[in-house]
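Colleague: Attaching a single structure in structure tokens format; questions to follow.
The values are calculated or read from the model by the stated rules, or taken from the named source; none is laboratory data. This is a predicted model, so every value here is computed, not measured. All Cβ positions, glycine included, derive from the backbone under ideal geometry; neighbour counts span all protein chains shown.
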């Protein structure tokens, strides 16, 4: 399991398998986990979002959200590299 955890809702507008492939290939320190509910009621139906080490990341489009997730991953990894 990675040192950076990306949680996504199974109902999210971002699909787990797609995100897992993108992130885990680029960042071996990342683990993508899919949950049936992340308790942000209705958000998964309105916006693509994920939780990166406990921090909510969201955007208007999947592509934008993935870029923001990557930025958050970089910030989290920077803490471990110091």
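Colleague: Could you please find all residues in the stretch 59-75 being farther than 19 Å from residue 21 by Cα and crowded, with 19+ Cβ neighbours inside 10 Å?
Modeller: none
Colleague: Which condition number in (1) under 11 Å from residue 8 (Cβ atoms); (2) assigned to a helix (DSSP H, G or I); (3) modelled with pLDDT under 95 is the one that residue 79 fails?
Modeller: Only one criterion in (1) under 11 Å from residue 8 (Cβ atoms); (2) assigned to a helix (DSSP H, G or I); (3) modelled with pLDDT under 95 is unmet by residue 79, namely (1).
Colleague: What tally of residues in the stretch 12-44 results from selecting those that are closer than 14 Å to residue 62 by Cβ and either at pLDDT below 75 or surrounded by fewer than 14 Cβ atoms within 10 Å (Cβ to Cβ) (or both)?
Modeller: 6
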